[in-house]
Structures are given as C-alpha cells and as structure tokens.
1. Being surrounded by fewer than 22 Cβ atoms within 10 Å (Cβ to Cβ) and not small (Gly, Ala, Ser) is the filter here; which residues of the range A:33-46 pass it?
2. Need at least 2 residues that are in contact (Cβ under 8 Å) with a residue 24 or more places away in the chain per element, so show me which helices (runs of 4 or more DSSP H) inside the range B:68-176 make the cut, counting only ones lying wholly within it.
3. Being farther than 20 Å from B:Ser76 by Cβ, open to solvent by 40 Å² or more (accessible area, probe 1.4 Å) and in contact with a Phe, Trp or Tyr (Cβ under 8 Å, 6 or more places away or on another chain), is that true of even one residue in the range B:116-130?
4. Specify which of the listed residues (B:Val105, B:Val127) is in contact with a strand residue (DSSP E or B) (Cβ under 6 Å, 6 or more places away or on another chain) and modelled with pLDDT of 95 or more.
5. Could you check the range B:42-52 and list, in sequence order, the residues that are closer than 17 Å to A:His48 by Cβ and in a loop (DSSP other than H, G, I, E, B)?
6. Using the structure shown, decide if B:Leu81 is aliphatic (A, V, I, L, M) and either within 9 Å of chain A (Cβ to nearest Cβ) or in contact with a Leu (Cβ under 7 Å, 6 or more places away or on another chain) (or both).
7. Identify the single condition in (1) assigned by TED's automatic domain parsing to the domain that holds B:Asp167; (2) surrounded by 17 or more Cβ atoms within 10 Å (Cβ to Cβ) that B:Gly138 does not satisfy, given that it satisfies every other one.
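The values are calculated or read from the model by the stated rules, or taken from the named source; none is laboratory data. All figures in this text were calculated on a predicted structure; none of them were measured in a lab. Cβ coordinates were reconstructed from backbone atoms using ideal geometry, including for glycine residues, and neighbour counts include every protein chain displayed. We work out accessible area using only protein heavy atoms, side chains counted, and drop any ligands, DNA or RNA first. Shrake-Rupley method; radii C 1.70, N 1.55, O 1.52, S 1.80 Å.
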Amino acid sequence: MSPSARGRRIGILCAGLLPVAFAWGEYADVILNSRSEAEGVAPVIFPHWFHRIRFRCSVCHVELGIEMRVGSNSMRMDSITNGEYCGACHDGQTAWSVDNCDLCHSGRPGLATGIQGGHQTGGPGKY
Amino acid sequence: MRQKPALVLLTTLLLTLAAGIAAGNWKTLRNDQLHDPSNPSLRVLQDPEEALALLPPDTAGNMVNWVTALQRGIISPRSSLREDREHEILDDDVLMLDTMPLPYVRFPHRPHSEWMGCETCHEKLFVSVAGANAINMGKILDGQYCGVCHGAVAFPLTECNRCHNTDSSTVSGARPGGTLP
C-alpha cells in the first residue's frame, strides 16, 4: 500500500471515530437555552437518566403536561417559580428548590436547545 | 500482505468500540462538553457513571437495560406525584407485518405500560386500534410514532433487531395488526 493510500485509510478511520470522540453529554440530556443565555444565565441541562430512575415518563409527560418535543414547551422562569414544569417538584419538598440556580443553569456558553444522542444519535431525525 | 494495514486498522477500530462498550463509556460531567467546568455546583451534581454503573448493562443509549432494571425492582420510579398508585399494565403484543424485507415488528405493551401510563401514547401518538396507524420506517426516522421516544430517550433507532424482532416464519396465520397474548 502506498503511503498516501495508507494516509487516506487512517483518515477514514479517524473520521469513523469522530462520533465516538465527540459524543456530547449523556444520552437523552436536554439542553434548554431559548432565553437563558440571552437573559444572562447559563443554559439549562435536564438529565433524563437521573429523573427516570425516580419517576416514570408519564409523571412529567402526562401529569405535568410537558410535551415530548424539545423546545415546544414555553418554560419561563416565572412559571417554574410558580410551580409549573420543573417547579412542580423543585419546590423544596419533592426536590431542592429553585433557589439553587447553578444546579439547573449549568451549561457551557453557546449551547443550542436540543436533545443529546450521547452514544449513538443526535436525536430524532439526526442519526 | 497488501490487506494487512487495513486489517490492523479494522481490528483497532473494533477493539476501540468494544472497549468503549465494556467501559460503559459514560463521560464525567466535567468532560461531557455540556456542563461548564467552572460551575462550582458540578461538585454537587451526580456523574452518570455513579448511578448507571449499578444498573443492568446494555450496549446502546444510556448503556443501561431500563426494562430489566424496572422489572427486577432495582429501580422503582414513582408513577404519580399525587398518590403512589400503581398504574395499569397491559400484557399483549401487537404484530406489525409491513416490514419487508426485515423481520416483523412485535410491539410489546407490557414493558411500555410498565414505564408509562397509557395516555403517554393513546390517543395522541397512536390510535388504540391495531393496524389503524400509518406507521413506516421513514416517519420513525423522522421522529414520529416509535421515533418520538426511540432515538431520543428510549434505545436508539440503530438497534433494528430489537423492534424487528419476529421472524415471519415463526408466526403462522398472522394478519396485519393482529394482537398476540
């Protein structure tokens, strides 16, 4: 094999490994940044893996009425503070209260709203 | 001899993948390229590995077999915020035959209804009549029907054989949308 052909193969190999090396976050982590950064706080990271150990899907997606489509719920901080969405649990009783800004607003600057495919996909329609 | 470098590369690739799978491959929050490492609260948040390494392993998604974890009672997520009532479980399978050339899809109600109430799917995502939903693979890959959850939160769509799980020769007299006990 000529050196250039080998170089190409190595190039292809590296390209194959890219998704592994650049996999972001844990599978199903949700980034919420429709307003956060624009209003001076870090993007929100919602970990599905953490919550599904404690709650079945329908608690959030039926009882609390959170639509299963990232970005389709207009979650605003004032409605959360008033006990909707995250605030239904993060009230100082079921879970720690909304005063702990950093625990939710924990993302790096510049993240876009979306769901993370972690090990495999980038979410529905992206694979 | 000409194929040797390619073989070595292939082996390396497979070993890398295998190692990734064996190790669970969970990133720490500090290195996941999502969390801001300068946020002091990262010390308080849990790294995925701390929780997920204790659950039955799998090879895709969160690398956790969530169905087994729930069925064995290793985790017991709440069904409701109001009162901890047990929700309804439906124990039948719906057979979907329009899958050529792949094996049939046998949709199992039991693991789904163990994980979520009926209203999560009915009647918004699926009409509860066998065969009444115009599902196809293109729509699923586009994030509709099964693809609302699979590929986002439940195991990813690259796991063809978990849905295309029923060899057509093992089902006799099957009719489209027929249900199986």
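1. A:Asn33, A:Arg35, A:Glu37, A:Glu39, A:Val41, A:Phe46
2. Numbers: elements: B:109-115, B:137-141, B:160-163.
Filter on the range B:68-176 gives B:109-115, B:160-163.
3. yes
4. B:Val105
5. Of everything in the range B:42-52, those that are closer than 17 Å to A:His48 by Cβ and in a loop (DSSP other than H, G, I, E, B) turn out to be B:Leu45, B:Gln46, B:Asp47.
6. yes
7. Here B:Gly138 clears every test but (2).
Matching residues to (1) modelled with pLDDT of 95 or more; (2) within 7 Å of another protein chain (Cβ to nearest Cβ); (3) surrounded by 12 or more Cβ atoms within 10 Å (Cβ to Cβ):
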{"residue": "B:Pro5", "(1), (2), (3)": "no, yes, yes"}
{"residue": "B:Leu10", "(1), (2), (3)": "no, no, yes"}
{"residue": "B:Asp47", "(1), (2), (3)": "yes, no, yes"}
{"residue": "B:Leu52", "(1), (2), (3)": "yes, yes, yes"}
{"residue": "B:Ala69", "(1), (2), (3)": "yes, no, yes"}
{"residue": "B:Glu88", "(1), (2), (3)": "no, no, no"}
